[in-house]
1. Please give the contour-minus-distance gain from residue 281 to residue 264: 0.36 nm per residue of separation, less the Cα-Cα distance, rounded to one decimal in nm.
2. Which of the following values of Rg and Dmax of the Cα atoms in Å was calculated from the structure shown: (i) 19.0, 55; (ii) 19.0, 60; (iii) 18.0, 54?
3. If you count, for each residue, the other Cβ atoms within 10 Å and average over each peptide, how do 132-142, 275-285 line up from highest to lowest?
4. With θ set to phi - 60° and the Karplus curve 6.51 cos²θ - 1.76 cosθ + 1.60, what are the ³J(HN,Hα) couplings of segment 197-203 in order, to the nearest whole Hz, using x for Gly and Pro?
5. Pairs to check: 94/302; 105/263; 58/224; 275/295; 66/105. Give those whose C-alpha atoms are more than 21 Å from each other in this structure.
6. I want the local charge near residue 288. Using Cβ-Cβ distances under 14 Å, sum +1 for each Lys or Arg and -1 for each Asp or Glu among the other residues.
7. Which value results for Rg/Rh of segment 231-313 when Rg is the Cα radius of gyration and Rh the Kirkwood radius based on the inverse mean 1/r?
8. Please check: in the Gaussian network model of the chain (C-alpha springs, under 10 Å), which one of 222, 32, 64 has the largest mean-square fluctuation.
Amino acid sequence: MKVGIVGSGQVGSATAFALIMRGVARKVVLIDANQQRAEAEAMDIAHATPFAYANKIKAGNYEDLKGCEVVIITAGANQKPGETRIDLLGRNVKIFESIIPQIVKSVPNTTLLIAANPVDIMTAVALKLSGFPKEKVIGSGTILDTARFRTLLGYHLGISPKSVHANVLGEHGDSEVLVWSNGDGGTVQIEELARMTNKDLTPEVKAQIDDCVRNAAYKIIDGKGATYYGIAGGLCRICQAISTNEYAILTVSTQHEEVEGIKDVCLSMPTVIGKRGVHNVIYPRLSESEHRDVKFSAEKIKEHSNIALDQISVK
(Lines give C-alpha, C1' and ligand atoms only; values in the text may rest on other atoms or scores of the structure.)
Protein backbone atom coordinates (compact mmCIF):
# COMPACT_ATOMS: atom_id res chain seq x y z
CA MET A 1 0.00 0.00 0.00
CA LYS A 2 1.24 3.47 -0.88
CA VAL A 3 0.13 6.31 1.39
CA GLY A 4 0.61 10.04 1.00
CA ILE A 5 0.64 12.40 3.96
CA VAL A 6 0.14 16.12 3.42
CA GLY A 7 1.57 17.86 6.45
CA SER A 8 4.74 16.60 8.11
CA GLY A 9 4.28 18.25 11.47
CA GLN A 10 3.87 16.29 14.67
CA VAL A 11 0.72 14.42 13.61
CA GLY A 12 1.91 13.76 10.07
CA SER A 13 5.35 12.54 11.07
CA ALA A 14 4.00 10.39 13.93
CA THR A 15 1.52 8.84 11.49
CA ALA A 16 4.26 8.13 8.96
CA PHE A 17 6.32 6.48 11.70
CA ALA A 18 3.35 4.32 12.76
CA LEU A 19 2.65 3.25 9.18
CA ILE A 20 6.28 2.27 8.62
CA MET A 21 6.88 0.53 11.95
CA ARG A 22 3.65 -1.50 11.78
CA GLY A 23 4.26 -2.44 8.16
CA VAL A 24 0.90 -1.05 7.03
CA ALA A 25 2.36 1.01 4.17
CA ARG A 26 5.07 -0.18 1.80
CA LYS A 27 5.63 3.37 0.57
CA VAL A 28 4.98 6.68 2.28
CA VAL A 29 5.28 10.12 0.69
CA LEU A 30 5.55 13.14 2.98
CA ILE A 31 4.55 16.56 1.62
CA ASP A 32 4.88 19.82 3.48
CA ALA A 33 5.07 23.52 2.68
CA ASN A 34 8.36 23.34 4.58
CA GLN A 35 10.27 20.99 2.27
CA GLN A 36 13.26 20.88 4.60
CA ARG A 37 11.05 19.66 7.45
CA ALA A 38 9.52 16.94 5.25
CA GLU A 39 12.95 15.77 4.12
CA ALA A 40 14.27 15.68 7.68
CA GLU A 41 11.28 13.69 8.97
CA ALA A 42 11.49 11.23 6.06
CA MET A 43 15.20 10.70 6.61
CA ASP A 44 14.80 10.16 10.35
CA ILE A 45 11.95 7.66 9.91
CA ALA A 46 13.82 5.85 7.12
CA HIS A 47 16.65 5.16 9.55
CA ALA A 48 14.21 3.14 11.69
CA THR A 49 13.19 0.78 8.88
CA PRO A 50 15.99 -1.76 9.51
CA PHE A 51 14.37 -2.38 12.91
CA ALA A 52 10.92 -3.02 11.42
CA TYR A 53 10.07 -3.55 7.75
CA ALA A 54 11.90 -2.86 4.48
CA ASN A 55 9.47 -0.08 3.62
CA LYS A 56 10.28 3.18 1.91
CA ILE A 57 9.55 6.75 2.89
CA LYS A 58 10.48 9.94 1.13
CA ALA A 59 9.68 13.61 0.97
CA GLY A 60 8.01 14.62 -2.26
CA ASN A 61 5.52 16.84 -4.05
CA TYR A 62 1.95 16.37 -5.23
CA GLU A 63 3.07 14.58 -8.39
CA ASP A 64 4.64 11.92 -6.17
CA LEU A 65 1.22 11.05 -4.78
CA LYS A 66 0.38 9.11 -7.94
CA GLY A 67 -0.53 5.55 -7.02
CA CYS A 68 -1.49 6.35 -3.42
CA GLU A 69 -4.47 4.34 -2.20
CA VAL A 70 -4.90 6.80 0.67
CA VAL A 71 -3.89 10.42 1.11
CA ILE A 72 -3.96 11.63 4.70
CA ILE A 73 -4.36 15.35 5.31
CA THR A 74 -2.86 16.42 8.61
CA ALA A 75 -1.90 19.90 7.45
CA GLY A 76 -3.61 22.68 9.31
CA ALA A 77 -3.34 25.24 12.04
CA ASN A 78 -2.36 23.92 15.46
CA GLN A 79 -4.81 24.03 18.34
CA LYS A 80 -3.35 26.36 20.96
CA PRO A 81 -3.95 26.19 24.72
CA GLY A 82 -7.42 27.56 25.42
CA GLU A 83 -8.62 27.11 21.83
CA THR A 84 -11.44 24.80 20.82
CA ARG A 85 -11.31 22.81 17.60
CA ILE A 86 -13.98 25.10 16.15
CA ASP A 87 -11.63 28.06 16.62
CA LEU A 88 -9.39 26.55 13.93
CA LEU A 89 -12.10 26.50 11.29
CA GLY A 90 -11.41 29.63 9.25
CA ARG A 91 -7.67 29.05 9.04
CA ASN A 92 -7.99 25.42 8.01
CA VAL A 93 -10.60 26.04 5.32
CA LYS A 94 -8.10 28.30 3.55
CA ILE A 95 -5.40 25.65 3.82
CA PHE A 96 -7.70 23.00 2.35
CA GLU A 97 -8.58 25.26 -0.56
CA SER A 98 -4.92 25.23 -1.57
CA ILE A 99 -4.22 21.56 -0.85
CA ILE A 100 -7.14 19.50 -2.08
CA PRO A 101 -7.26 20.59 -5.75
CA GLN A 102 -3.61 19.54 -6.08
CA ILE A 103 -4.32 16.13 -4.54
CA VAL A 104 -7.31 15.56 -6.82
CA LYS A 105 -5.26 16.44 -9.87
CA SER A 106 -2.58 13.85 -9.02
CA VAL A 107 -4.71 11.03 -7.56
CA PRO A 108 -8.35 11.40 -8.60
CA ASN A 109 -9.24 7.89 -7.40
CA THR A 110 -7.65 7.92 -3.97
CA THR A 111 -9.36 7.83 -0.60
CA LEU A 112 -9.00 11.04 1.40
CA LEU A 113 -8.42 10.60 5.12
CA ILE A 114 -8.91 13.85 7.02
CA ALA A 115 -7.24 14.53 10.37
CA ALA A 116 -7.20 18.34 10.51
CA ASN A 117 -9.54 19.92 13.06
CA PRO A 118 -12.41 20.52 13.44
CA VAL A 119 -12.37 17.16 11.70
CA ASP A 120 -16.10 16.66 11.08
CA ILE A 121 -16.45 20.04 9.43
CA MET A 122 -13.17 19.68 7.54
CA THR A 123 -14.44 16.33 6.23
CA ALA A 124 -17.45 18.17 4.78
CA VAL A 125 -15.12 20.81 3.34
CA ALA A 126 -12.90 18.13 1.76
CA LEU A 127 -15.95 16.42 0.28
CA LYS A 128 -17.08 19.63 -1.40
CA LEU A 129 -13.64 20.68 -2.61
CA SER A 130 -12.70 17.26 -3.98
CA GLY A 131 -15.98 16.31 -5.61
CA PHE A 132 -15.28 12.73 -4.47
CA PRO A 133 -18.11 10.33 -3.61
CA LYS A 134 -18.85 10.33 0.11
CA GLU A 135 -17.48 6.78 0.45
CA LYS A 136 -14.01 8.06 -0.45
CA VAL A 137 -13.76 10.92 2.07
CA ILE A 138 -13.26 9.79 5.65
CA GLY A 139 -12.54 11.85 8.73
CA SER A 140 -10.65 10.38 11.67
CA GLY A 141 -13.71 11.37 13.68
CA THR A 142 -14.03 9.84 17.14
CA ILE A 143 -11.69 6.91 16.54
CA LEU A 144 -9.33 8.44 19.12
CA ASP A 145 -12.11 9.38 21.55
CA THR A 146 -13.39 5.80 21.35
CA ALA A 147 -9.87 4.53 22.09
CA ARG A 148 -9.64 6.86 25.09
CA PHE A 149 -13.03 5.65 26.34
CA ARG A 150 -12.10 1.98 25.98
CA THR A 151 -8.71 2.56 27.62
CA LEU A 152 -10.22 4.18 30.71
CA LEU A 153 -12.96 1.55 30.97
CA GLY A 154 -10.38 -1.22 30.64
CA TYR A 155 -8.21 0.30 33.36
CA HIS A 156 -11.19 0.66 35.69
CA LEU A 157 -12.51 -2.87 35.07
CA GLY A 158 -9.10 -4.55 35.09
CA ILE A 159 -9.41 -5.93 31.56
CA SER A 160 -7.65 -5.21 28.31
CA PRO A 161 -9.01 -2.11 26.53
CA LYS A 162 -8.99 -4.27 23.38
CA SER A 163 -11.65 -6.45 25.01
CA VAL A 164 -13.93 -3.47 25.68
CA HIS A 165 -16.53 -2.58 23.06
CA ALA A 166 -17.81 0.92 23.73
CA ASN A 167 -18.05 3.86 21.36
CA VAL A 168 -17.96 7.62 21.28
CA LEU A 169 -20.28 9.04 18.61
CA GLY A 170 -21.11 12.40 17.04
CA GLU A 171 -18.61 15.24 16.99
CA HIS A 172 -14.91 14.86 17.62
CA GLY A 173 -15.18 17.72 20.04
CA ASP A 174 -17.02 19.13 23.00
CA SER A 175 -20.44 17.69 22.07
CA GLU A 176 -19.21 14.11 21.55
CA VAL A 177 -21.41 11.39 23.02
CA LEU A 178 -20.02 8.58 25.18
CA VAL A 179 -22.42 5.69 24.66
CA TRP A 180 -22.75 3.83 27.95
CA SER A 181 -25.99 2.01 27.19
CA ASN A 182 -24.63 -0.58 24.75
CA GLY A 183 -20.98 -0.91 25.75
CA ASP A 184 -19.88 -4.44 26.65
CA GLY A 185 -17.01 -6.70 27.58
CA GLY A 186 -17.23 -10.44 27.03
CA THR A 187 -20.80 -9.94 25.75
CA VAL A 188 -21.81 -8.53 29.15
CA GLN A 189 -23.18 -4.98 29.26
CA ILE A 190 -20.47 -2.74 30.66
CA GLU A 191 -22.28 -1.60 33.82
CA GLU A 192 -23.35 -5.17 34.63
CA LEU A 193 -19.75 -6.30 34.09
CA ALA A 194 -18.61 -3.59 36.51
CA ARG A 195 -20.98 -4.92 39.17
CA MET A 196 -19.83 -8.49 38.56
CA THR A 197 -16.20 -7.46 39.11
CA ASN A 198 -17.02 -5.27 42.14
CA LYS A 199 -15.82 -2.21 40.26
CA ASP A 200 -19.07 -0.31 39.98
CA LEU A 201 -19.41 2.51 37.52
CA THR A 202 -20.82 4.99 39.98
CA PRO A 203 -22.02 8.41 38.77
CA GLU A 204 -18.75 9.83 40.07
CA VAL A 205 -16.62 7.29 38.19
CA LYS A 206 -18.62 7.82 34.99
CA ALA A 207 -18.26 11.59 35.31
CA GLN A 208 -14.52 11.24 35.76
CA ILE A 209 -14.19 8.97 32.71
CA ASP A 210 -16.36 11.34 30.66
CA ASP A 211 -14.19 14.30 31.64
CA CYS A 212 -10.96 12.44 30.84
CA VAL A 213 -12.26 11.42 27.40
CA ARG A 214 -13.94 14.71 26.48
CA ASN A 215 -11.13 16.96 27.70
CA ALA A 216 -8.10 14.78 27.04
CA ALA A 217 -6.86 16.93 24.16
CA TYR A 218 -6.94 20.11 26.24
CA LYS A 219 -4.97 18.47 29.04
CA ILE A 220 -2.38 17.04 26.65
CA ILE A 221 -2.01 20.35 24.80
CA ASP A 222 -1.54 22.19 28.11
CA GLY A 223 1.15 19.69 29.09
CA LYS A 224 3.15 19.22 25.90
CA GLY A 225 1.71 21.48 23.22
CA ALA A 226 -0.02 18.97 20.93
CA THR A 227 -1.58 15.53 20.66
CA TYR A 228 -0.09 13.21 18.06
CA TYR A 229 0.68 9.64 19.17
CA GLY A 230 -2.93 8.63 19.76
CA ILE A 231 -4.28 10.05 16.51
CA ALA A 232 -1.33 8.61 14.60
CA GLY A 233 -2.30 5.17 15.90
CA GLY A 234 -5.89 5.77 14.83
CA LEU A 235 -4.96 6.91 11.32
CA CYS A 236 -2.69 3.90 10.91
CA ARG A 237 -5.57 1.64 11.99
CA ILE A 238 -7.89 3.13 9.35
CA CYS A 239 -5.23 2.66 6.66
CA GLN A 240 -4.78 -0.96 7.74
CA ALA A 241 -8.51 -1.60 7.34
CA ILE A 242 -8.43 -0.12 3.83
CA SER A 243 -5.25 -1.93 2.79
CA THR A 244 -6.45 -5.37 3.87
CA ASN A 245 -10.10 -4.85 2.85
CA GLU A 246 -10.85 -5.74 6.44
CA TYR A 247 -14.45 -4.57 6.76
CA ALA A 248 -13.48 -3.31 10.21
CA ILE A 249 -16.03 -1.35 12.25
CA LEU A 250 -14.45 1.95 13.26
CA THR A 251 -15.96 5.17 14.60
CA VAL A 252 -14.94 7.50 11.79
CA SER A 253 -16.58 10.63 10.42
CA THR A 254 -18.43 10.36 7.12
CA GLN A 255 -21.33 12.17 5.50
CA HIS A 256 -24.77 10.85 6.48
CA GLU A 257 -27.97 11.56 4.64
CA GLU A 258 -29.70 11.99 7.97
CA VAL A 259 -28.88 11.61 11.65
CA GLU A 260 -31.58 12.30 14.21
CA GLY A 261 -33.42 14.45 11.69
CA ILE A 262 -30.32 16.46 10.70
CA LYS A 263 -29.61 16.05 6.99
CA ASP A 264 -26.27 15.84 5.14
CA VAL A 265 -24.02 16.00 8.17
CA CYS A 266 -20.54 14.58 8.75
CA LEU A 267 -20.09 12.89 12.11
CA SER A 268 -18.97 9.62 13.62
CA MET A 269 -20.99 6.42 13.71
CA PRO A 270 -19.74 2.80 13.71
CA THR A 271 -18.62 2.46 10.09
CA VAL A 272 -17.51 -0.54 8.04
CA ILE A 273 -14.17 0.31 6.40
CA GLY A 274 -12.50 -1.62 3.59
CA LYS A 275 -10.82 -1.27 0.22
CA ARG A 276 -13.54 0.97 -1.23
CA GLY A 277 -13.46 3.26 1.78
CA VAL A 278 -16.85 3.30 3.48
CA HIS A 279 -18.77 0.08 2.84
CA ASN A 280 -21.61 0.52 5.29
CA VAL A 281 -22.72 2.46 8.37
CA ILE A 282 -24.21 0.90 11.48
CA TYR A 283 -26.66 2.99 13.46
CA PRO A 284 -26.57 1.56 17.00
CA ARG A 285 -29.29 1.23 19.60
CA LEU A 286 -29.19 4.24 21.91
CA SER A 287 -30.95 5.30 25.06
CA GLU A 288 -33.40 8.18 24.96
CA SER A 289 -30.86 10.60 26.40
CA GLU A 290 -28.16 9.41 23.97
CA HIS A 291 -30.52 10.06 21.05
CA ARG A 292 -30.96 13.62 22.31
CA ASP A 293 -27.22 14.09 22.78
CA VAL A 294 -26.40 12.79 19.28
CA LYS A 295 -29.03 15.14 17.82
CA PHE A 296 -27.49 18.09 19.67
CA SER A 297 -24.04 17.10 18.40
CA ALA A 298 -25.31 16.80 14.83
CA GLU A 299 -27.01 20.20 15.05
CA LYS A 300 -23.81 21.82 16.26
CA ILE A 301 -21.71 20.28 13.49
CA LYS A 302 -24.27 21.18 10.83
CA GLU A 303 -24.42 24.80 11.95
CA HIS A 304 -20.65 25.27 11.70
CA SER A 305 -20.43 23.20 8.51
CA ASN A 306 -22.88 25.53 6.79
CA ILE A 307 -20.70 28.49 7.75
CA ALA A 308 -17.57 26.78 6.43
CA LEU A 309 -19.13 25.58 3.19
CA ASP A 310 -20.52 29.03 2.45
CA GLN A 311 -16.95 30.37 2.56
CA ILE A 312 -15.64 28.20 -0.24
CA SER A 313 -16.29 27.98 -3.94
CA VAL A 314 -15.50 24.96 -6.11
CA LYS A 315 -13.67 26.00 -9.28
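1. 4.7 nm
2. Recomputing Rg and Dmax of the Cα atoms in Å here picks out (ii).
3. Listed from highest to lowest mean packing, they are 132-142, 275-285.
4. So the J values, rounded to whole Hz, are 9, 6, 10, 3, 8, 5, x.
5. Over 21 Å apart, Cα to Cα: 105/263; 58/224; 275/295.
6. 0
7. 1.02
8. Maximum fluctuation in the GNM of the chain, among the listed residues, is at 222.
The values are calculated or read from the model by the stated rules, or taken from the named source; none is laboratory data. Note that this is a predicted model, so its numbers are computed, not measured. Counting neighbours? That spans all protein chains shown, and the Cβs are built from the backbone with ideal geometry, glycine included. All accessible areas refer to the heavy atoms of the entire protein, side chains included, with ligands and DNA or RNA removed. Shrake-Rupley method; radii C 1.70, N 1.55, O 1.52, S 1.80 Å.
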